[in-house]
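What follows is one structure encoded as structure tokens, with my remarks underneath.
The values are calculated or read from the model by the stated rules, or taken from the named source; none is laboratory data. Everything numeric in this text was worked out from a predicted model, so none of it was measured. FYI the Cβ positions are ideal-geometry reconstructions off the backbone, even for glycines, and counts take in every protein chain you see. Keep in mind that these areas ignore ligands, DNA and RNA; they rest on the heavy atoms of the full protein, side chains included. Shrake-Rupley method; radii C 1.70, N 1.55, O 1.52, S 1.80 Å.
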Amino acid sequence: MALMLNGMGVSRGIALGPVYILHRNQHEIVEQKIDKKNIAKEVKRFKSAHSTAKKQLQKIRSDIPAESPDDISTFIETHLLMLDDAMMSASPIEIIKQNQCNAEWALKLQRDAIVKVFESMDDPYIATRKDDVKHVFNHIMEALISRGKTRAVDASEKWKDRIVIADDLTPADTMIMQHAGVAGFVTEMGGPLSHTAILARSLNIPAIVGLNDARQYLKRGESLVIDGESGLVLAEADELLIDHFHKRQRELRRKTKELGKLNDAKSRAKSGEKITLLANIEVEDDLKRLRKINASGVGLYRTEFLYLRENRVPDEEEHYKTYVRVIRALRGAPLTIRTVDLGADKEIDTVNAGPLAHNPAMGLRGIRLCLHDPSIIVPQLRAILRASAKGPIKIMFPMLTTISELLQAKHLLETTKESMRAKGFKFDEKIPVGGMIEVPAAAISASHFAEHLDFLSIGTNDLIQYTLAIDRIDDQVNYLYDPLNPAVLTLIKMVIDAGIRHKIPVTMCGEMAGNPNYTRVLLGLGLREFSMPPNSILEIKSVLRQTRLSNVRRPALGFLHCTEKDKQATLLAKINS
Ligand code: PEP
Ligand code: MG
């Protein structure tokens, strides 16, 4: 009988194949006291293991085929840099000498201490970097224990066409397995930001992460099907199911190949109207993907990473240099920079979003926090203005709730402009200013906001959270998350209509804009600008190129009154048919 499990699908695609369970050697590390006269020998052992780990990583780096995505070499480079850092090369030696202990124990003490520092940080991005630290320490430990004979995973093992089930995978493991033709991955640890997830997406390998105890439930050699989109894992499925998944796999592969042909195709509806497809970016690395798919520009640059990465407010120069690099990379395409949206789930130590942590999504967040303490945003505004002399930049304020907030934010921008003029800085005097409409109050008052802004951008991630009163990071209320809820769609329509009335563009930059199931509904409601993760752009382009706008207007309006789930599903199937 088939066994069905569910994890977190992080890299789309179907994989079918026999299970390969990866059990790493679980060595128990014990403390051994070393005689003073043997300390030099122990230090030598450590140095030799360190050098073996380095050689292994260098070999992996030199084996990376030239056509591989840049992410891969970046990961291996980062690991090599970490390996050279004193925390991994010198500190364990100090511990051996001070504690007069064996090299394994010294390495373990140092690893535990560093991992603890990472664990004390709440940010999910930083938490995944903790995995890097563990991976690199483990490379040295493996070399130490096996006296330099093994590598991350044994390349001679038969990964071809297997689905690997592991506790976690390092970038080096992933690389070796990919070379050997692995079919897919399931890991017990990790989340959507984990390296296995990021690499699997780059390499187009179906992957599921966060499936607790997967190695207990699955047996080596049994047949497995995984769906990297839904997170479904099926063991020992019957022939009928296997046939069904083979068919879906073929369809998906054909679709991906077809989509590749749309790189240079015009972004127009079948009925001829131009639709703007923009990208959401968070870090500079995201720009590499943009070049391939010819996006019309960036509709949302989330700048929080500049703050989160350093865990402090960056200075004007740091902002400026980053924005100039981004605008140059865009080669004339427009860049919409969202001013920093700290607070809620994005906190840094040096900025206090207030003592009431119970409900931070409703607290001092986004523009509220910046107006409360302008020193967070003024260096950013100055840098954005300076960068606007180098290419087309737009400013966008997040989390607006009242007109008074918008006017204060604009005043802050004006005074910043004045002080820069006085100092002779050049900038775009007419830099467009937009607002994110992501609070229901702002959506209802969209017309008033439109009077003071050059463009509106609908942030559905927050708009849905606040309209339906569901915390977007709380798994327990996920079931209520519904972009097609008539209340949500009514607000979206109000914003689009306000833009049309005031003749200003309206973009949508929440995840809903990148979901092909909703493209026709949104086109029918009048949306003409979509901003989304780069990987979604070709799929959305494909849908709109097959859509006549006059055919979707009326069906889209039907959703505004549809309160029943099954009727909603019928309407959706119909509009997408
Ligand atoms: C949104 O809320 O839809 C949005 C795009 O902003 P973020 O996800 O960064 O809050
Ligand atoms: Mg938001």
In Å², what does the accessible area per residue of region 36-145 work out to with a 1.4 Å probe?
-> 49
For every other residue with a beta carbon closer than 10 angstrom to the beta carbon of LEU262, add +1 if it is Lys or Arg and -1 if Asp or Glu, then tell me the sum.
-> +1
Angle, helix 486-501 long axis vs. longest principal axis of the chain, Cα atoms, 0 to 90°, nearest 10?
-> 60
Protection proxy (average C-beta count within 10 Å per residue), highest first, orders 313-325, 35-47, 382-394 as 382-394, 313-325, 35-47
With the other protein chains left in place, how much accessible area per residue, in square angstrom, belongs to region 395-435 at a 1.4 angstrom probe?
-> 48
For region 407-413, what does the Karplus curve 6.51 cos²θ - 1.76 cosθ + 1.60, with θ = phi - 60°, yield as ³J(HN,Hα) per residue in whole Hz, taken in order and with x for Gly and Pro?
-> 5, 5, 5, 5, 5, 4, 5
Starting at the first residue of region 4-11, write each ³J(HN,Hα) from the Karplus equation 6.51 cos²θ - 1.76 cosθ + 1.60 with θ = phi - 60°, in whole Hz, x for Gly and Pro.
-> 10, 10, 10, x, 9, x, 10, 9
Partner aspartates and glutamates whose C-alpha sits under 16 Å from that of LYS47, ignoring same-chain residues fewer than 8 away, are ASP84, ASP85, GLU94, GLU104, GLU142
Taking the chain as the reference, fit the longest principal axis to its C-alpha atoms, fit the long axis of helix 316-329 to the helix C-alpha atoms, and give the angle between the two in degrees, 0 to 90, nearest 10.
-> 80
At 1.002 mPa s and 20 °C, Stokes diffusion of region 316-456 via Kirkwood alpha-carbon radius, µm² per second = 136
Using only the Cα atoms of region 427-577, what do you get for the radius of gyration and for Dmax, in Å?
-> 15.3, 53
When all C-alpha to C-alpha distances in region 36-145 are sorted into bins of 10 Å, what percent of pairs does each bin hold, rounded to whole numbers?
-> 14, 43, 30, 12, 2, 0
Helix 103-119: inclination vs the chain longest Cα principal axis, degrees, rounded to 10, gives 10
Kindly rank 461-467, 171-177, 73-79 from highest to lowest mean number of other beta carbons found within 10 Å of each residue.
-> 171-177, 461-467, 73-79
Karplus ³J(HN,Hα) for region 233-245 (6.51 cos²θ - 1.76 cosθ + 1.60, θ = phi - 60°; Hz, whole; x = Gly/Pro) runs 10, 10, 9, 6, 6, 6, 4, 4, 5, 4, 4, 4, 6
Relative to the compact globular guide of 2.2 N^0.38 Å, what is the alpha carbon radius of gyration of the chain, as a ratio?
-> 1.06
Net charge near PRO379, counting Lys/Arg +1 and Asp/Glu -1 over other residues with Cβ under 9 Å of its Cβ?
-> -3
In the structure displayed, which of LYS44/LYS108; LYS134/LYS158; LYS158/LYS247; LYS160/LYS219 lie more than 21 Å apart, Cα to Cα?
-> LYS134/LYS158; LYS158/LYS247
Violating pairs (Cα-Cα greater than 19 angstrom) within the set LYS541/LYS567; LYS37/LYS97; LYS321/LYS426; LYS55/LYS288; LYS390/LYS417; LYS394/LYS430 | LYS541/LYS567; LYS55/LYS288
Semi-axes of region 263-575's equivalent ellipsoid from the Cα gyration tensor, sqrt of 5 times each eigenvalue, largest first, rounded to whole Å?
-> 31, 23, 18
For region 470-519, what is the accessible area per residue in Å², given a 1.4 Å probe and the full set of protein chains?
-> 48
For region 263-575, with all protein chains present and a 1.4 Å probe, just round the carbon and sulfur fraction of the accessible area to a whole percent.
-> 52
In region 36-145, what percent of the accessible surface is made up of carbon and sulfur (1.4 Å probe, ligands and nucleic acids excluded)?
-> 55
For region 230-381, report the convex hull volume of the alpha-carbon atoms normalised per residue, in Å³, without decimals.
-> 203
